[in-house]
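In what follows, a structure is listed as structure tokens, so that the remarks can point back to it.
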Amino acid sequence: MLDTLRDPHHPEHRERIEGLGDGFDPGAFGLDTVDHLLRLMRSILPATIGREHIEPDRAQDAQAGTPGVHPVHSCSMSVPTPDTEVSSSPVSGARHLLRSTATVGGFTFLSRILGFARDVILARYFGAGPVMDAFFVAFKIPNFFRRLFAEGAFSQAFVPVLGEVHTHQGHVETRRLIAETSGTLGLILIAFSVLGILLAPYFIDLFAPGFANDPATHRLATELLRLTFPYLFFIALTALAAGAMNVHGRFAVPAATPILLNLSLIAAALWLSQLFAVPVLALGLGVLAAGFLQFLFQLPFLGRLKLLARPRWAWKRESVQQIFHLMLPALFGASVMQINLLVDTAIASFLSPGSVSWLYYSDRLMEFPLGVFAIALGTVILPGLTRAHARRSPQEFSQLIDTAMRLVVLLALPAAIGLGVLAGPLIVTLFRYGAFSRFDARMSEASLMAYALGLIGFTAVKILAPGFYAQQDTRTPVRIAILAISANLAFNALIVIPWVMEGWPAPHAGLALSTSLAALLNALLLARGLKRSEKWRHHPGWRSLLARVLLALMVMGAALVFFEGRLRHWFHWPVWTRIGHLSILIGAGFLIYGLMLWIQGLGPVNLYRMIATTRDPAQGAS
């Protein structure tokens, strides 16, 4: 019997695995059944969020000298160091990717929940009008540069270089590079922050030219920007610390840090605003305080890794120059979405008062699934791709991208359907209080529906772009980014201008639609680039997965449309009735989607196998 089970091509064995899906290939395991089940059970046991660890039995095996298992120190997640190294197996790399993504996604989920609480408070106390338009522009400018450094160009350049130094040169050189990069980057950011404060009116003219027609809003935005601009200095150094921890396999602390921004703004809105003649100025101070607190929060954890060192200027150091040389072209490649959103903000400043705020609130809802899943996965996948590239393991490199893209299909598509169908109930339930009017809710609903169309593109870009940056290739994403930004401008001209000329309502939704179309184009071009270079090859099971997911989405979407009801009823319901109905709809959608996948043979275990244990495409066709 055991001989039969050990032979993956035996007819009886083949019969036993029928129904597991096209993506499950027993030949990929080469394990007897008992050993396979033990490994699978260990891999799918949920990691405690925020407690990065290794399996105890693997640690004991490592200490006992089990072949193929490297020694592991302490109770931290296995990471490549001079003494330890993550397994080069594509399957184990995919499992590590899933566990780490769950950790980052869990903390990001908590942060987003607090972010919603923050936005509900801002909408209730400040509404959507010229005052909040001024704050959102003043917040978006340093936040735009934060995205470049924290989630974009700097991280995409810093993590691969630091990972290479960490793998090949050891801890001392890693610590030295962190000190030299932080000192060099810190001085540059101090100079840039001073420049931003002095030139604040010109930044407002650049990012919100429509404010020139309203001197009061322009003055308020300028004053707010002078408070928020230094936030960039603290948050960029926070991103550097996060990148260093990510290279060492520590993902929970960087993922938890943004919670402090939400807490700071909530405190500023509820209490600090009462001390100001112009209450919205308290929000500017709240942003600045958040940057400082996030930076301080990282330092003890860097100290535990023995990575704290006195920053020093080292512009001429080869590794530092390599980071900045990679970073400059990546400024475009890693920030297409942010540039397009800023273009939207600039154009919206010429539209009806409140347009900037409507786009902000709908963008915040769109960024909930984007932050919980896409940014979490993009953060985790970059160090893994860097290691695979450094080890010259194209199979592992392709496996990681393929696993991540399957997760995109499984999670981003239902999230897009849910956001589009439930756009109105979401906006009304979360924001329709106090100064946030029914008209504001209708306008925000329109732009959220448009953003939902591009969610799959926004998500895929976060996964595909690191495939280039891990190879220290920043030129290809830049070329694609320029095409995507140009396409966004063209879409704005083709969609928004006729929209305004015809007098149709909610022209700001045309801006959101243009950004979504540009994101889809960006993702398609990145995917084509990786496939042409053979860095990503489709592994078996894609056609089956897509067919099953699309059928589940059709059923889920139809059910949500049927049970949603008319939006006008939601306006009259009390808050807890809204929350109850929305929770039921979201829960029902989740259950229907999962049930449809299960009926089609994609239950939790089979789904995990299809995602994380796909074989090399050279062994079979998709």
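The values are calculated or read from the model by the stated rules, or taken from the named source; none is laboratory data. The structure displayed is predicted, hence computed values, not measured ones. Don't worry about glycine lacking a Cβ; one is built from the backbone with ideal geometry, like all the others, and counts go over all protein chains shown. For accessibility, only protein heavy atoms count, side chains too; no ligands or nucleic acids. Shrake-Rupley method; radii C 1.70, N 1.55, O 1.52, S 1.80 Å.
The residue that is farthest from residue 515 (Cα to Cα), among those in region 419-469 that are in a loop (DSSP other than H, G, I, E, B) and either at pLDDT 85 or above or in contact with a Pro (Cβ under 6 Å, 6 or more places away or on another chain) (or both), is 422. Checked against the criteria, residue 524 does not count as open to solvent by less than 60 Å² (accessible area, probe 1.4 Å), of a type in the set (A, V, I, L, M, F, W, C), over 30 Å from residue 210 (Cα atoms) and assigned to a helix (DSSP H, G or I). Considering 469, 451, the condition of being closer than 30 Å to residue 323 by Cα and touching a helix residue (DSSP H, G or I) at 6+ places or on another chain (Cβ under 9 Å) is satisfied by 469 alone. The sole residue among 470, 493, 487, 506 that is under 19 Å from the mean Cα position of the chain (by Cα) and either within 15 Å of residue 525 (Cα to Cα) or small (Gly, Ala, Ser) (or both) is 470.
Screening region 373-392 for residues that are among the small types (Gly, Ala, Ser) and touching a Phe, Trp or Tyr at 6+ places or on another chain (Cβ under 8 Å) and picking the one that is surrounded by the most Cβ atoms within 10 Å (Cβ to Cβ) gives 374. Looking only at region 558-576, residues that are within 20 Å of residue 439 (Cα to Cα) and not charged (D, E, K, R) come to 9 in all. Determine if region 430-444 includes at least one residue that is open to solvent by less than 10 Å² (accessible area, probe 1.4 Å) and in contact with a Leu (Cβ under 6 Å, 6 or more places away or on another chain). Taking every residue of region 430-444 in turn, none turns out to be open to solvent by less than 10 Å² (accessible area, probe 1.4 Å) and in contact with a Leu (Cβ under 6 Å, 6 or more places away or on another chain).
Per the conditions (1) modelled with pLDDT of 90 or more; (2) under 15 Å from the mean Cα position of the chain (by Cα), the sole criterion not satisfied by residue 404 is (1).
Among the residues here, residue 219 does not qualify as more than 28 Å from residue 269 (Cβ to Cβ), over 28 Å from the mean Cα position of the chain (by Cα) and either of a type in the set (Lys, Arg) or not in a helix (DSSP H, G or I) (or both).
Filtering region 393-428 to residues that are open to solvent by 10 Å² or more (accessible area, probe 1.4 Å) and among the β-branched types (Val, Ile, Thr) leaves 409, 417, 421. Remark: pairs (first residue in region 473-502, open to solvent by 80 Å² or more (accessible area, probe 1.4 Å); second residue at pLDDT below 85; Cβ separation under 8 Å; 6+ apart in sequence or on different chains) = 475/329; 482/332; 489/343. Evaluated against (1) of a type in the set (Gly, Ala, Ser); (2) in a helix (DSSP H, G or I); (3) touching a helix residue (DSSP H, G or I) at 6+ places or on another chain (Cβ under 7 Å), residue 303 falls short on exactly one condition, (3).
Checking each residue in region 544-583 for being in contact (Cβ under 8 Å) with a residue 24 or more places away in the chain and among the β-branched types (Val, Ile, Thr) picks out 549, 555, 561, 575, 579. The conditions of being open to solvent by 80 Å² or more (accessible area, probe 1.4 Å) and hydrophobic (A, V, I, L, M, F, W, C) are not met by residue 592.
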